[in-house]
Amino acid sequence: MEKAAAQRTKERGGEPVPALPSNLKIQNRKMVLSCFRDNRSHSVADVVARTGISKLTVMKAIQFFCGKGILASSGKGDSTELGGKKPEYFRFSCGKYLLTIRMWPEDLGLTLFDMRMNKVDSSHLAWIIPDAPEEAFRIIENSALALLARAGVDREELYGVSLSSSGIVDYDHLTLKYSVHTPNWGANVPIGDYLRGIFGPGPALSEENAGKSISRAILNEQEDPNRSILVLFTSWGLSGALIQDGRILNGRNSLVGEIGHMILDQNDPELCSCGSRGCAERLVSVARVRKMIAGDPPPEGSPLSRLPAEAVELRHLFASSRQEDAYARKYVAYMADRFAALLRNVSLVFSPEKVVFVGDYAVADEYFDQRIRQQLSSFRYLSLSQPMEIAYDTRSLTELDALGGAVALIDHYLSRPELYEETGS
Ligand SMILES: [Zn+2]
């Protein structure tokens, strides 16, 4: 296979700048190859229909990638094309693997994918994230080696390794700039160095904030990747991603997307881990819900009266609201109003066509949804604008996070210029 080939790089030192037709050829090849990243087999006719590129050019490009071992035939299809010939199908054919790691506050998870993003194996461990990064990465190393051994995959067979965590990431230097979940680790934790220590110099590395990793999985599935989307990650924190023109916005300091720290109420007494008061993250946290319920116990008729306040989860609140429990709805309305204020503020600097809730608030009920829409429409500027679509993605955060990590590594693979050039690979 092309295992060694994927590692090789090519010197392009004294070569003249390629003429435009060659650039066009490379552009076409990129468009053709990008059709195959959906993990399916495609015929020449499929690719022509998707890209609008001529049949001859598509055939040549597919031949080119087959020659390099990047695509391979997956056999003839059942249906016949015009003229009675059965079309040949092709698919992605890189024999390497991708390892995604989620280093979350209470959960360490690893997922191994092949290069077609099929899940090969996974493992997870409930942990309290250790006080020292050395200890955390020792555990990660043990878990990774155990998973690779179980799957019969060698470290050298990894194309790439991704890691997602809480906090703010410096993408250029592969460092964790800071996370409130690991204050003892300090600032600028060299995640890339720790991963290199485990996996060696070979694999491509990617580091990502969990909310953004999940958003990348969602972005990858959008029919129209150019829509402006706001993903709201609601779990051990409130963060998200602003997606525009198919890209996740990070900003100079990677702070874009940390919308949980938008201040909604400066007079709120609770101090946020960021040092401010009244951050959205604190106002809509499950801890806040429990505190409010503890101070205002539910009446006997409410389903919530069967639970101690400290055991209430957001899903209990929404389930009670679904049963038209007036007590639960009082707090659902409180939460919806905070989110409406947040969305109102966001819409003044970024104009999402679609908002997607993932995590705890993805299981919100109809009442929550209606209340947000009603609050948003009472803001006059927004009432005159096209409404934003609000969606709730109830898939597990861990599954979405692993997919997002795999997508980042596949993007890395497909961005390598040597994939599209005549020689080398
Ligand atoms: Zn804050």
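The values are calculated or read from the model by the stated rules, or taken from the named source; none is laboratory data. Computed from a predicted structure; not experimentally measured. Ideal geometry is used to build each Cβ from the backbone, glycine not excepted, and the neighbour counts take in all protein chains shown. These area figures cover heavy atoms from the full protein model, side chains too; ligands, DNA and RNA do not enter into them. Shrake-Rupley method; radii C 1.70, N 1.55, O 1.52, S 1.80 Å.
When the helices in the chain are scored as -39500 (n - 2.57) per DSSP H run of 4 or longer and the sum is shared across all residues, what 222 nm value do you end up with, to the nearest 500 deg cm²/dmol?
On the way: 14 runs with 158 residues, N = 425.
Dividing the helical sum by the residues of the chain leaves -11500 deg cm²/dmol.
Given +1 on the Cβ of Lys and Arg, -1 on the Cβ of Asp and Glu, and no further charges, what dipole in debye does the chain carry about its Cα centre, rounded to the nearest 20?
Dipole of the chain, to the nearest 20 debye: 1140 debye.
Pop a pseudo-label 7 angstrom from the Cα along the beta-carbon direction at both Phe350 and Asn184 and give the gap in nm to one decimal.
Going from the Phe350 label point to the Asn184 one covers 3.3 nm.
Label Arg227 and Ala146 with points 7 Å out from Cα along Cα→Cβ: what is the distance between them in nm?
Rounded to a tenth, the inter-label distance reads 4.1 nm.
With +1 on each Lys and Arg Cβ and -1 on each Asp and Glu Cβ, and nothing else charged, work out how big the dipole of the range 20-93 is about its Cα centre, in Debye to the nearest 20. Let's see the in-between values first.
On the way: 13 positive and 5 negative charges, 47 e Å.
Dipole size: approximately 220 debye.
Using each residue's phi in the range 155-170, evaluate 6.51 cos²θ - 1.76 cosθ + 1.60 at θ = phi - 60° and report the 3J(HN,Hα) Karplus result to the nearest Hz, with x for Gly and Pro.
Once θ is set to phi - 60°, the couplings for the range 155-170 become 4, 5, 8, 7, 6, x, 10, 10, 9, 10, 8, 6, x, 9, 10, 9 Hz.
Using a simple charge model, +1 on the beta-carbon of Lys and Arg, -1 on the beta-carbon of Asp and Glu, nothing else, what dipole does the range 258-394 show about its Cα centre, in debye to the nearest 20? The partial results should precede the final answer.
Values: 16 positive and 19 negative charges, 52 e Å.
Using Cβ point charges on Lys, Arg, Asp and Glu, the range 258-394 gives about 240 debye.
What ³J(HN,Hα) values, in whole Hz, does the Karplus curve 6.51 cos²θ - 1.76 cosθ + 1.60 give for the range 206-218 when θ = phi - 60°, with x put for Gly and Pro?
9, 10, 8, 6, 4, x, 6, 4, 4, 5, 5, 5, 5
If I take R0 = 56 Å and measure r between the Cβ atoms of Arg155 and Glu270 in this structure, what FRET efficiency does the formula 1/(1 + (r/R0)^6) give, to the nearest 0.05? Show your work: numbers first, answer last.
On the way: r = 46 Å, r/R0 = 0.82.
Taking R0 as 56 Å, the efficiency between Arg155 and Glu270 is 0.75.
Would you mind working out the accessible area per residue for the chain, using a 1.4 Å probe, and quoting it in Å²? Could you put the intermediate results ahead of the total?
Details: 20720 Å² over 425 residues.
Value for the chain: 49 Å² per residue.
Give me, ordered by chain and number, the residues 5 or more places off Glu207 or on other chains with an amide H under 5 Å from its own placed amide H.
Counting only residues 5 or more places away or on other chains, the set is Leu163.
Scan around Ile390 for amide H atoms under 5 Å from its own, H built in the peptide plane at 1.01 Å from N, and keep only partners 5 or more places away or cross-chain.
Under 5 Å from the amide H of Ile390 lie the amide H atoms of Val355, each far enough along the sequence or on another chain.
On the accessible surface of the chain, probed at 1.4 Å, how many percent belong to carbon and sulfur atoms?
50 percent
Using 1/(1 + (r/R0)^6) with R0 = 60 angstrom and r between the beta carbons of Met292 and Asp38, what's the FRET efficiency to the nearest 0.05? Can you show the working numbers first?
Values: r = 45 Å, r/R0 = 0.75.
Computed FRET efficiency for Met292 and Asp38: 0.85.
Counting only C-alpha contacts under 8 Å and six or more residues apart, can you give the relative contact order of the chain as a whole percent? Kindly include the intermediate steps, with their values, before the conclusion.
Details: 704 pairs, mean separation 60.6, N = 425.
The normalised contact order for the chain reaches 14 percent.
At a Förster radius of 41 Å, what calculated FRET efficiency corresponds to the Cβ-Cβ distance of Arg91 and Arg380, to the nearest 0.05? Don't skip to the end; give the middle numbers.
Values: r = 52 Å, r/R0 = 1.27.
Here the calculated transfer efficiency is 0.20.
Starting from 0.36 nm per residue, how many nanometres of slack lie between Asp193 and Met59 once their C-alpha separation is accounted for? Please report the intermediate quantities before stating the final value.
Working: separation 134, 0.36 × 134 = 48.24 nm, distance 4.24 nm.
Here the answer is 44.0 nm.
Under 8 Å for C-alpha pairs, at least 6 residues apart: give me the relative contact order for the range 252-303, rounded to a whole percent. List each step's numbers first, then the result.
Details: 39 pairs, mean separation 13.2, N = 52.
Computed value for the range 252-303: 25 percent relative contact order.
Suppose we keep just the alpha-carbon trace of the range 121-255; what are its Rg and Dmax in angstrom?
15.9, 43
Can you quote the Å³ per residue value for the convex hull of the Cα atoms in the range 229-384, rounded to an integer? Walk me through the intermediate numbers first.
Numbers: hull volume 18.5 nm³, N = 156.
Looking at the range 229-384, the number lands at 118 Å³ per residue.
Under the rule of at least 5 residues apart or a separate chain, name every residue whose amide H is placed under 5 Å from the amide H of Ser93.
Counting only residues 5 or more places away or on other chains, the set is Leu71, Ala72.
Kirkwood hydrodynamic radius of the range 295-381 from all distinct Cα pairs, in Å?
On the way: mean 1/r = 0.0717 Å⁻¹.
Result for the range 295-381, one decimal place: 14.0 Å.
Can you compute the radius of gyration and Dmax for the chain, using only the Cα atoms, both in Å?
Expressed in Å, the Cα Rg and Dmax of the chain come to 24.4, 81.
When the chain is modelled as a GNM with alpha-carbon springs shorter than 10 Å, which of Thr234, Thr182, Thr57 fluctuates the most?
Among Thr234, Thr182, Thr57, the largest GNM mean-square fluctuation belongs to Thr57.
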